[in-house]
Each structure stands twice: as structure tokens, then as C-alpha cells.
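Please read the structure below before turning to the comments.
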Amino acid sequence: MMHRNIGDLLNRRRVVSLPAGASVRDAARQMKAAHVASVVVTASIDEQIEGIFTERDLTDRVVADGLDPDQTPLSEVMTPCPVTVAHDITVGEALRRMADHGLRHLPVVRGGHVVGVVSMRDFLGEELMLIEHERALMDSLTEVMM
């Protein structure tokens, strides 16, 4: 199961993307309409990824800070230069990358362009349990070495 490619999880879902100058309100509307929790931010449509804006960014960087979603561009509140993975890496490697960087959303790229975004919700329980077990083992080894 951990050997299947991350591309297998994409299920032909459409990538929701907006230019960096789009407003937070535009992003929230797009996320709602597409039933997704993130928007890929690009220089312009069909260009390479500049950032990612997630539901967590909406709560932590916009609402909690009292910013106006109609006046705030994504470029001010997105996560710039996000961690990405190639479409042909294994699910296990993608999960490790997410765990190592504390990510909930991971853009998947092919040929420099985003072909999808996977979230922690996309993974099977068995895959998550294996990664959690691996992390616990590494933590216990770190404690022994100290």
C-alpha cells in the first residue's frame, strides 16, 4: 500500500488555482465551490506555483489578524514556495515529507506544473498508522541517543 504512487490519489480532481493578486474572498469562494481546503497560487493561470493558501491560512493569517478578505491579496497571506512532490513518488515518501514539514496539504507536480494537491484526508488509515509508528520509533531512538 505504501508503494503506490502519490499520483494514484489525485482521482482526476481539478486543481483550484488563482493568481497571487486575487483576494482572500475569491479564494474562499473557489475553495467552497470546489469542496477543497486549499488554493494553489500562481503568477497567472497555468504558470508555476508561487504559493499555497489553505483553510488554516484563512483562520490564522486573515480572520485571527482581523484582515479584510476583500482587500487582502493572497500574496500577503499565502505560504510562499511550498514543499511539493513529484507525481511519481510513493505514498510513503509523500507522507514522510508531510510529516517532516508539518504539512496538511501537499502540491503534486509534473513537469514543473501542479497536477493536484493531496491532503492528509486522502491517505488510508493504515498508511497513516505506519508513518506514526515510524515517527514514534525515530523519537524513541533520538531519546536513547541523548
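The values are calculated or read from the model by the stated rules, or taken from the named source; none is laboratory data. Please read these numbers as outputs of a predicted model, since none were measured by experiment. Note: areas computed on protein heavy atoms with side chains; ligands, DNA, RNA excluded. Shrake-Rupley method; radii C 1.70, N 1.55, O 1.52, S 1.80 Å.
Which percent of the accessible area of the range 23-93 is formed by carbon and sulfur heavy atoms (probe 1.4 angstrom)? Could the numbers behind the result be given before it?
Numbers: 1800 of 3800 Å².
Carbon with sulfur: 47 percent of the solvent-accessible area.
Using only the C-alpha atoms, the convex hull of the range 71-114 corresponds to 79 Å³ per residue.
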